[in-house]
Amino acid sequence: MKQYLDLLRHVRQRGARKQQRAALSDGRRPEVLSVFGYQFRHDLQAGFPLMTTKRMPFGAIVYELLWFLSGSTNVAYLRQHNVRIWDQWADERGELGSIYGKQWRRWQKPGGGTIDQIAMLVEGIRRVAADPNAPEARRLLLTAWNPGDMPPPHVPTGCHTLAQFNVTAGRLSCQLYQRSADLFLGVPFNIASYSLLTHLLAKVTGLDVGEYIHTFGDAHIYDNHFAQVDEQLIRTPRPLPRLELDEAIGDIDSVRFEQVRLRDYEPYPPLKGEVAV
């Protein structure tokens, strides 16, 4: 995906070198190259934006999104499917606190009660699809940043802070605002995850897909990922894969892993890198 590689190149060449708080397993705190403010766009009709310059674990991306949609904040479901990407932040019971799943499905209201943002989003998209002048047209929002209900400070939450959806000419588009972006490890997951979410929301509301737009706050590359990023930048992107969704999908809450399939994915070999916690 050229847009992502252009961002890597921009940060690698023009990023400011900064210290940060997270540490590697040996205790060292890697520095980052950081740029504040960036945006790219991708036409979802042109292919599914899964990185081809390194192999991505698409199954883990699907399981993580289904986990978010379930409202869970415990890693037990992920571990059952051999997905370990959240293990470093879970406590001894597997709990992560008030992260994405809770905020998406059980946003705490002042004075008690909760709001199911996903259910509201689906209903809002349907109303706008039926009537472009519906009041929800500019209110199709999904937010993970709840200052009054945050997990422990060491747990990453609200990194992908706010997604806004738009219905135009029968197509659903998504713009993600990401306040903090680990470009090598996290962002390829985020791109694929929100693109998949857009496809699923379009499927259950009878729409086609439009654009995926990614807007960044602090976009950074950790110094222990420089060599891997440089390797990606000399690899020529290959054709994007196709996403195939089962025709039986009709409800966002009943999507099953086997109903989401990837076709024609032929990436370069994987590139590994340690996450700073």
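Note the full-extension length gain between Asp251 and Asn146 as 0.36 nm times their separation in residues minus their Cα-Cα distance, in nm to one decimal.
Contour length minus Cα-Cα distance gives 35.2 nm.
Less than 13 Å Cβ to Cβ from Gly210, Lys/Arg counted +1 and Asp/Glu -1: what total charge do the surrounding residues give?
-1
What distance in nm separates the two pseudo spin-label positions at Ala119 and Gln80, each 7 Å out from Cα along the beta-carbon direction?
Roughly 2.2 nm, to one decimal.
Compute the Cα gyration tensor for region 120-277, then decide on rounded, prolate or oblate, letting a ≥ b ≥ c be the square roots of its eigenvalues: rounded whenever a/c is under 1.5, prolate when a/b is larger than b/c in the other cases, and oblate in all that remain. Spell out each step's value before the answer.
Details: a/c = 2.07, a/b = 1.37, b/c = 1.51.
The shape class here is oblate.
What does the charge add up to near Glu123, with Lys and Arg as +1, Asp and Glu as -1, over the other residues with Cβ less than 11 Å from its Cβ?
0
Got a sec? Charge dipole of region 2-263, +1 on Cβ for Lys and Arg, -1 for Asp and Glu; which of Asn82, Tyr100, Ala16 is way out at the positive end?
Value computed over the given set: Ala16.
Putting +1 on Lys and Arg Cβ atoms and -1 on Asp and Glu Cβ atoms, find which of Leu172, Ala130, Val275 reaches farthest to the positive end of the dipole of the chain.
The residue sitting most towards the positive pole is Val275.
For a paramagnetic label modelled at 7 Å from the Cα of Asp26 toward its Cβ, which residues of region 256-277 fall within the zone defined by backbone nitrogen distances under 17 Å?
272-277, by backbone N distance to the label point.
How charged is the neighbourhood of Ala22? Take every other residue with its Cβ under 14 Å from the Cβ of Ala22, and add Lys/Arg as +1 and Asp/Glu as -1.
Local net charge: -2.
Could you give the Stokes-Einstein D for region 2-263 in µm² per second, using the C-alpha Kirkwood radius, 20 °C, 1.002 mPa s?
It comes out at roughly 111 µm²/s.
Compute the longest continuous run of the chain that contains no exposed trypsin sites (Lys or Arg not before Pro); treat a site as exposed when its DSSP state is not H, G, I, E or B and it has at most 12 other Cβ atoms within 10 Å.
After excluding every exposed loop site, the longest remaining stretch is 94-255.
Would you mind telling me which residue in Gln164, Gln228, Gln80 has the biggest mean-square fluctuation in a Gaussian network model of the chain, where springs connect alpha carbons within a distance under 10 angstrom?
Per the Cα network of the chain with a 10 Å cutoff, Gln80 tops the list.
Return the single residue from Asp91, Asp208, Asp26 with maximal mean-square fluctuation; model: Gaussian network over the chain, springs between Cα atoms under 10 Å.
Answer for the Gaussian network model of the chain: Asp26.
If you put +1 on each Lys and Arg Cβ and -1 on each Asp and Glu Cβ, how big is the dipole of the chain around its Cα centre, in Debye rounded to 20?
540 debye
Read-outs throughout are calculated quantities, based only on the coordinates presented, and are distinct from any laboratory measurement. No experiment lies behind these values; they were computed from the predicted model shown. So basically every Cβ, Gly included, is an ideal-geometry build from the backbone, and we count neighbours across all protein chains shown.
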